[in-house]
Amino acid sequence: MTNQPQPKKQEIKIADNIPGAEYANAMQVNHNKDEFQLMFLSIMGGSGKVTGKIMTNPGHYKRIVAALSENLKKYEDQFGEIKEATAPEKEIGFKG
């Protein structure tokens, strides 16, 4: 029997400025050569707000997409096919 080192457990802390979950019903994705930017939005009626912004590198973005696809498949296997929500009827703009 060999004594192989046990993998170290990673401790992940939630930043104090993240109070809880935010609802998002829309998302915009932009990219450049070095990163992907994901902006999550909550749109109600004629207005909305940005509820979160994530920037990551292309390699991590690809892993995120794979994880989302895998979880979507598991969800639909368990609960049935999800019908895609309709897209916003007009373009979303931002005020500075």
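The values are calculated or read from the model by the stated rules, or taken from the named source; none is laboratory data. What you see is a predicted model, and the numbers here were worked out from it, not measured in a lab. Positions of Cβ are backbone-derived with ideal geometry, glycine not excepted, and every protein chain shown enters the neighbour counts.
Out of the residues in the range 54-88 meeting the condition of being charged (D, E, K, R) and either at pLDDT below 95 or in a loop (DSSP other than H, G, I, E, B) (or both), tell me which one is nearest to the chain's Cα centre (by Cα).
We begin by selecting, within the range 54-88, every residue charged (D, E, K, R); these are 62-63, 70, 73-74, 76-77, 81, 83-84.
Applying the additional criterion that residues be either at pLDDT below 95 or in a loop (DSSP other than H, G, I, E, B) (or both) yields 81, 83-84.
Details: Glu81: 20, Lys83: 19, Glu84: 17 Å.
Filtering the range 54-88 for residues that are charged (D, E, K, R) and either at pLDDT below 95 or in a loop (DSSP other than H, G, I, E, B) (or both), the one nearest to the chain's Cα centre (by Cα) comes out as Glu84.
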Checklist outcome for this item: By residue number, the members of the range 35-54 that are touching a Phe, Trp or Tyr at 6+ places or on another chain (Cβ under 8 Å) and loosely packed, with under 13 Cβ neighbours inside 10 Å are Lys53
Checklist entry - Pairs, please: C-beta under 8 Å, at least 6 apart or cross-chain, first residue within 15 Å of Ala87 (Cα to Cα) and in the range 36-63, second basic (Lys, Arg) and exposed (fewer than 14 other Cβ atoms within 10 Å of the Cβ)? => result Phe40/Lys53; Leu41/Lys49; Ser42/Lys49
Next on the checklist: Can you tell me how many residues within the range 10-35 are of a type in the set (S, T, N, Q), part of a strand (DSSP E or B) and without any contact (Cβ under 8 Å) to a residue 24 or more places away in the chain?
Outcome noted: 1
